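So the structure is just underneath, and the comments pick up after that.
The values are calculated or read from the model by the stated rules, or taken from the named source; none is laboratory data. All figures in this text were calculated on a predicted structure; none of them were measured in a lab. Methodologically, a virtual Cβ is constructed for each residue, glycine included, from the backbone with ideal geometry; neighbour enumeration extends over all protein chains shown.
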Amino acid sequence: MERCQWFVTAATAMSLITIREAVAQEHARLAVRVAIHDSAKVPIDELESARNRAVAAFEKAGVDVEWEAPGTGTSPCSSNDYVSFCIQVLLRPRNQQSAPGSRRIMGMALAADERRAVLSLYFDAVTDVARRYGSPRGEVLGLALAHEMGHVLLPPPSHSATGIMQPSWEGDDIRRVLAGDITFTEAQVLAMRTRLATRR
């Protein structure tokens with residue numbers, strides 16, 4: 001009888017450990033590192049607003065964003081980096097490939113592998129969108145940053161009908177995002193976290 005009780009106690013303890021591990025994994029904080037190379041000379045306060053906006057979007061998905069300080073002299077995406085994924089952002093004054101009169105885009109994902117990615121943001125297009133809808137330029141830059149980061153962290157096709165990853169933005173969409181009403185979808189959060197967790 002005592003031996004039977006011991007087995008029951010041991011099995012119960014193991015079950016509790018397994019449950020705790022599952023909960024811990026579900027709520028584990030995952031991280032990406034981002035290095036911004038700013039050739040557009042964005043004002044410091046606007047760049048800080050953009051960072052904060054991107055952090056807020058990913059925080060809701062349980063993903064921490066770590067910013068690489070400029071001018072450290074080291075590669076921000078070294079192969080032995082402890083973070084799950086590293087993104088280099090080329091913040092450019094304008095898109096040199098944009099044809100006159102064509103619809104301008106605020107950003108573009110350029111290249112990615114299992115642990116690293118490069119994307120471009122175009123400050124002139126961000127400025128146009130901010131001016132058109134009367135929104136703070138730094139906040140709009142942050143939305144574009146979060147959107148393009150989403151592209152390199154999600155499997156294709158990464159656009160969605162709603163949320164941060166919708167392919168185009170209108171004034172109401174931007175206002176809802178700035179109010180915190182639009183985020184990544186639940187399916188996108190799961191896909192993003194699964195990808196990052198497998199690269200830890």
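A few remarks follow.
- Subset of segment 151-175 [surrounded by 14 or more Cβ atoms within 10 Å (Cβ to Cβ) and free of Cβ contacts under 8 Å to residues at least 60 places away in the same chain]: H151, L154, S158, H159, S160, G163, M165, Q166, W169, D173, I174, R175
- Helices (runs of 4 or more DSSP H) wholly inside segment 81-200 that include at least 2 residues being at pLDDT below 85: 171-178
- The numbered conditions (1) small (G, A, S); (2) over 24 Å from P136 (Cα atoms); (3) modelled with pLDDT of 55 or more; (4) part of a helix (DSSP H, G or I) are all true for A22 except (3).
- Pairs, first among the β-branched types (V, I, T) in segment 43-55, second surrounded by fewer than 19 Cβ atoms within 10 Å (Cβ to Cβ), C-beta under 9 Å, six or more apart: V55/D64; V55/W67
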